[in-house]
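Here is the structure we will look at.
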Amino acid sequence: MTPYDFDLFVVGAGSGGVRAARMAAAAGVRVGIAEQDRVGGTCVNLGCIPKKLYVYAAEYAATPENSAPFGWRMEARGFDWPTLRDGAANFIAAANKRMETMLEKAGVRLLRGRATLAGAHQVAVDGQRYTARNILLATGSQPALPAFPGREYLLTSDQMFGLQQLPNHLLVIGGGYIASEFAGIFHRFGVKVTQIYRGELFLRGFDREMRQFIAAHMRRQGIDLRFNTDVDKVVKNADDSFTVLLNNGETLTTSLVLAATGRRPRIRDLGLEMLGVELTPGGAVAVDGNYRSSIPSVYALGDAIDRLQLTPVALAQAMALVGHLYRDEQVTVDYDLVPTAVFSSPPLACVGLSEERARERYPQVDVFTTEFRALQQGLGDGPERMLLKLVVDGDSRRVIGAHMVGDGAAETIQGIAVALKAGATKAVFDQTVGIHPTNAEEFVTMRSVTRRHGNG
Ligand code: NDP
């Protein structure tokens with residue numbers, strides 16, 4: 001019999017924490033989990049799930065126009081924001097309940113309240129102390145705000161899900177996932193959107209050609225996308241609007257300013273300093289390959305550590321950790337081939353290396369691209385096109401990157417990711433029979449090299 005109240009105490013019931021708690025309980029150990037807010041964490045409550053519901057809502061905006069050449073006569077009678085906002089909130093409340101029930105059924109004890117570390121084997125939840133053989137920090141992340149005068153007026157994505165009413169104009173600061181997704185969503189809701197990004201081209205880290213393609217599409221849709229632009233100052237006006245001074249000397253007036261400028265680990269005031277838990281230079285919990293911190297009984301995963309801030313990554317880490325601690329398994333999470341999607345408008349999805357990154361790593365790189373108008377748009381005259389790309393190692397012929405911009409990109413790339421994970425060569429793609437007519441079949445019908453880098 002263990003001298004501790006729990007074998008594992010998880011701080012934070014988000015995606016990673018809940019998965020770790022459930023899997024550990026299933027492995028037969030006694031698990032407690034503390035949550036100060038709603039069960040489900042960022043993904044369920046203020047991230048992936050409500051965001052994706054909003055993306056679907058945004059996509060419906062194009063239905064009357066897109067279906068007209070197919071014979072439909074639909075009248076768009078406007079967009080009712082409260083219907084979406086409240087519908088999504090109800091959906092999430094039900095998801096919270098389901099997750100609580102799941103924890104209960106798994107035999108995990110859910111403790112409501114704010115947990116802090118009180119020792120290497122001790123946690124305090126709102127003053128009540130519990131002991132645990134191991135403690136897992138799964139506290140997630142929170143928005144990081146830029147520092148300039150008027151930053152107190154900035155909204156983060158957290159607040160965007162509860163707006164009383166839609167703004168007339170939205171200024172989005174940032175060029176990453178959240179900024180690009182929210183710019184597209186709110187534009188389609190009928191809000192005038194300006195997105196500003198401090199660098200020369202947004203979505204840094206993704207394939208350059210894809211980034212340019214998305215930028216062109218967003219601009220064509222009417223999103224005011226400005227690069228090499230940053231904010232110097234935000235001033236609140238008497239009518240509750242904001243005047244934003246930009247670093248190029250321009251000013252603009254807007255109803256709301258959303259800062260989507262990254263997220264940092266939520267680890268303040270947790271008692272980590274007191275315990276001497278080491279942090280990385282970026283302010284995340286430093287962990288080894290088994291998610292163990294500098295204190296041997298304290299582990300951390302998900303957004304609290306400095307790997308990829310993605311829900312499926314946190315889930316994979318949770319499974320790996322529980323496998324290591326309670327199942328005698330040694331599973332490592334492979335960060336190289338993590339597929340990802342930006343649900344921008346149009347969406348982008350990819351797995352593996354961008355063309356630029358591939359050129360840095362491989363002496364010879366073959367690139368196959370295809371750009372076309374989807375059949376679904378075939379009867380209309382809209383400008384929407386799709387762009388698909390395969391990046392191939394010229395020596396081994398392995399496909400080392402797959403990229404797609406256009407409807408269904410995320411659904412398609414999820415399947416392609418399996419092929420890359422299995423080490424498929426370009427010949428395997430070529431030998432795979434397509435499903436006709438689809439957009440995804442283009443991935444197996446690209447025969448001519450678009451560009452060849454290297455000396456081959
Ligand atoms: P990102 O890291 O994706 O993007 C942050 C953006 O803000 C970058 O363009 C960055 O510029 C810019 N930025 C950072 N600091 C400043 C500053 N001080 N002033 C001006 N601009 C600044 O973060 P997000 O906030 O968009 O999202 C957080 C994380 O959440 C993502 O990294 C992702 O892992 C996850 N996420 C995933 C989603 C998905 O899977 N679809 C959706 C939403 C979020 P620069 O490029 O120059 O650094």
Mind sorting Tyr4, Tyr291 by how few other Cβ atoms lie within 10 Å of their own Cβ, fewest first? Tyr4, Tyr291
For a protection proxy built on the mean count of beta-carbon atoms within 10 angstrom, sort 406-413, 100-107 highest first, please. 406-413, 100-107
Using the beta-carbon distance between Tyr56 and Trp81 and R0 = 22 Å, what value does 1/(1 + (r/R0)^6) give for FRET efficiency, to the nearest 0.05? 0.90
Bin width 10 Å, origin at 0, all Cα-Cα pairs of the range 1-156: what percent of pairs per bin? 10, 28, 25, 18, 11, 5, 2, 0
The range 254-268 versus the range 204-231: alpha-carbon centroid distance in Å: 20
Given a Förster distance of 35 Å, report the FRET efficiency between Gln364 and Val433 from their Cβ-Cβ distance, rounded to the nearest 0.05. 0.80
Stretch gain in nm, segment Ala68-Glu200, where the contour uses 0.36 nm per residue and the Cα spacing is subtracted: 43.8 nm
Cβ-isolated cysteines (cut-off 4.7 Å), the chain: Cys350
Near Asp395, within a Cβ-to-Cβ distance under 14 Å, what is the net charge of the other residues, with Lys and Arg +1 and Asp and Glu -1? +4
If you fit an axis through the alpha-carbon atoms of helix 409-421 and take the longest principal axis of the Cα set of the chain, what angle between them do you get, 0 to 90°, nearest 10? 70
log₁₀ I(q)/I(0) of the range 201-310 at q = 0.12, 0.19 Å⁻¹, via Debye over equal Cα point scatterers, no solvent, to two decimals? -0.71, -0.98
How compact is the range 313-371 by the rule of thumb for globular proteins, expressed as Cα Rg over 2.2 N^0.38 Å? 1.60
Cα coordinate range in the chain, projected on the principal axes (Å, largest first): 70, 64, 44
May I ask you to compute the full-extension gain from Gln414 to Gln128, defined as 0.36 nm times their residue separation minus their alpha-carbon distance, rounded to one decimal in nm? 98.6 nm
Could you please state, rounded to a whole Å, how far the C-alpha centre of the range 430-456 is from the C-alpha centre of the range 288-314? 38
Would you list, by chain and number, the lysines whose Cα falls below 25 Å from the Cα of Lys51, excluding same-chain residues fewer than 8 positions away? Lys97, Lys192
Summing Lys, Arg as +1 and Asp, Glu as -1, what charge do residues with Cβ under 10 Å from the Cβ of Cys350 carry, Cys350 excluded? 0
Nearest-5 percent of antiparallel DSSP beta bridges in the chain? 60
If one takes the longest principal axis of the Cα atoms in the chain, at what angle in degrees, from 0 to 90 and to the nearest 10, does the Cα axis of helix 208-221 lie? 70
Separation of the Thr243 and Thr101 label points, Cα + 7 Å toward Cβ, nm: 5.5
Point-to-point label distance, Asp158-Ser294, nm (Cα→Cβ direction, 7 Å offset): 2.7
Once Lys and Arg are counted +1 and Asp and Glu -1 for all other residues with Cβ under 11 Å from that of Ile185, the total becomes +1
Extension reserve of the Thr425-Ser448 stretch, reckoned as 0.36 nm per residue once the Cα distance is removed: 6.8 nm
Measure nothing fancy, just the Cα-based angle from helix 177-188's long axis to the longest principal axis of the chain, in degrees from 0 to 90, nearest 10. 50
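Where a number appears in this text, it was derived from the coordinates with a stated rule and is not lab data. Since the model is a prediction, treat every value here as computed from it, not as a measurement. Please note: Cβ atoms are built from the backbone with ideal geometry, for glycine as well, and neighbour counts cover all protein chains shown.
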